[in-house]
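Quick notes on the structure that follows.
The values are calculated or read from the model by the stated rules, or taken from the named source; none is laboratory data. Being a predicted model, the structure only gives us computed values, none of them experimental. Positions of Cβ are backbone-derived with ideal geometry, glycine not excepted, and every protein chain shown enters the neighbour counts.
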Amino acid sequence: MPRAVRALWTVGPSAAEIRPAELPPTGPGDVLVRTLHTAVSKGTERLVLRGQVPPSQYAVMRAPFQDGDFPWPVKYGYLNVGIVEEGPPQLLGRTVFSLFPHQSAYVVPAEAVSVVPDGVPAERAVLTGTVETAVNALWDAAPLVGDTVAVVGAGMVGCCVARLLAGIPGVGVTLVDVDPTRVEVASALGVGFALATDAARVVAPCDLVVHTSATSAGLQLSLELLVADGTVLELSWYGDRDVQLALGGAFHSGRLAIRASQVGEVANARRSRRSHADRRAIALDLLRDPAFDALITGRSRFEDLPAVLARLADGSLPAICHTISYGEEQPCSP
């Protein structure tokens, strides 16, 4: 296939452009992948677009195949699904997921791609990295049969966590958000829904709260929903933004806890017996569940990605998961 490709670069505050690139030769241990779909990470990519990655985290927050350095210019992204066009015979023609940025084709070591199982559509497979984050979160949280759990924040991560929690027998799950239209997604995921303004009355007390909204208000609410000795599992990343909390109420008397969970490392509870590849394989298998299709609520063509990211940066992009199509025959959705 042609070696000239196109890649998306963030080039300044809330500004992105598509640039030409040249593929390197495909070595004996490599694969050449033609991209079918990528997805926009509304949390992390928004912070990258806005230049809100703190300098102390520049090295930690590098994407696996990132080009350039923070703040700009940088080629950033990590939700990519494509078809193997060159490589080992067992991978030729297979649909694969990788942590590659928004680019029309790419060459990586064969071990950097994961085969998408039969029965998982290519577009749904862009959620692999997000479901993997949810798997890690449940390993960290260790919910118990019969628990009452709230997930505060109905974005990609929160919705994936809620769906996995819904599969645990006896666990009551409520998705909490400020947007009333998220009730439809909650229903598709098989969980309850509460507006943030009603959650303390409708949901509390909770044995566990998973927070994903990346707002001070959401984290404060999460603490207010807990039973005594309860834990908020914090999945949000705030970049360089300050978080303000009122801890003069039940935080100390209730012996409440806030615990961070992050996908960069396998959760400590499984680190000795599960690898990153094992965790990703679990996520891919879980994506056989068609309920995850409810999260794909926006679609655009690759050519329109700079405009999509501008809307992401200013907060006007409404989709939970906004996918990008690299096929000319694919329609562009508003």
Any hit, the stretch 56-70, residues being in a strand (DSSP E or B) and surrounded by fewer than 21 Cβ atoms within 10 Å (Cβ to Cβ): yes
Residue match in the stretch 277-289 (condition: out of contact with any His (no Cβ under 7 Å at 6 or more places or on another chain), assigned to a strand (DSSP E or B) and closer than 26 Å to residue 123 by Cβ): no
Total residues in the stretch 176-209, condition part of a loop (DSSP other than H, G, I, E, B) and not acidic (Asp, Glu): 10
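Yes or no, residue by residue, for (1) in the same structural domain as residue 76 (by TED's automatic domain parsing); (2) within 12 Å of residue 37 (Cβ to Cβ); (3) of a type in the set (A, V, I, L, M, F, W, C):
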residue	(1), (2), (3)
296	yes, yes, yes
299	yes, yes, no
307	yes, no, yes
310	yes, no, yes
316	yes, no, no
Considering residues of the stretch 153-175 that are part of a loop (DSSP other than H, G, I, E, B) and of a type in the set (A, V, I, L, M, F, W, C) only, the residue nearest to residue 204 (Cα to Cα): 171
Of all residues in the stretch 122-152 being assigned to a loop (DSSP other than H, G, I, E, B) and free of Cβ contacts under 8 Å to residues at least 60 places away in the same chain, the one that is surrounded by the most Cβ atoms within 10 Å (Cβ to Cβ): 146
Inter-residue pairs, beta-carbon under 7 Å, first farther than 17 Å from residue 8 by Cβ and in the stretch 48-71, second of a type in the set (Lys, Arg), 6+ apart: 52/241
Out of 192, 167, 158, 230, sole residue that is at pLDDT 95 or above, crowded, with 23+ Cβ neighbours inside 10 Å and of a type outside the set (A, V, I, L, M): 158
Selected residue (criterion: surrounded by the most Cβ atoms within 10 Å (Cβ to Cβ)) from residues of the stretch 28-47 that are farther than 23 Å from residue 154 by Cα and in contact (Cβ under 8 Å) with a residue 60 or more places away in the chain: 33
Residue in the stretch 28-55 that is modelled with the lowest pLDDT, counting only those that are in a loop (DSSP other than H, G, I, E, B) and of a type in the set (Lys, Arg): 42
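Here is a yes/no grid of residues against (1) outside the structural domain of residue 71 (by TED's automatic domain parsing); (2) surrounded by fewer than 11 Cβ atoms within 10 Å (Cβ to Cβ); (3) touching a residue at least 60 places away in the same chain (Cβ under 8 Å):
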{"residue": "242", "(1), (2), (3)": "yes, yes, no"}
{"residue": "245", "(1), (2), (3)": "yes, no, no"}
{"residue": "249", "(1), (2), (3)": "yes, no, no"}
{"residue": "252", "(1), (2), (3)": "yes, yes, no"}
{"residue": "256", "(1), (2), (3)": "yes, no, no"}
{"residue": "266", "(1), (2), (3)": "yes, no, yes"}
{"residue": "269", "(1), (2), (3)": "yes, no, yes"}
{"residue": "275", "(1), (2), (3)": "yes, no, no"}
Odd one out for residue 72, checked against (1) out of contact with any Ser or Thr (no Cβ under 7 Å at 6 or more places or on another chain); (2) in the same structural domain as residue 305 (by TED's automatic domain parsing): (1)
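For every residue, the table says whether it meets (1) within 15 Å of the chain's Cα centre (by Cα); (2) not polar (S, T, N, Q).
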| position | (1), (2) |
| --- | --- |
| 146 | no, yes |
| 153 | yes, yes |
| 157 | yes, yes |
| 162 | yes, yes |
| 183 | no, yes |
| 187 | no, no |
Tally, over the stretch 81-121, of residues that are assigned to a strand (DSSP E or B) and more than 21 Å from residue 291 (Cα to Cα): 13
Matching option when the condition is at pLDDT 95 or above, crowded, with 19+ Cβ neighbours inside 10 Å and in a strand (DSSP E or B), among 222, 213, 236, 300: 300
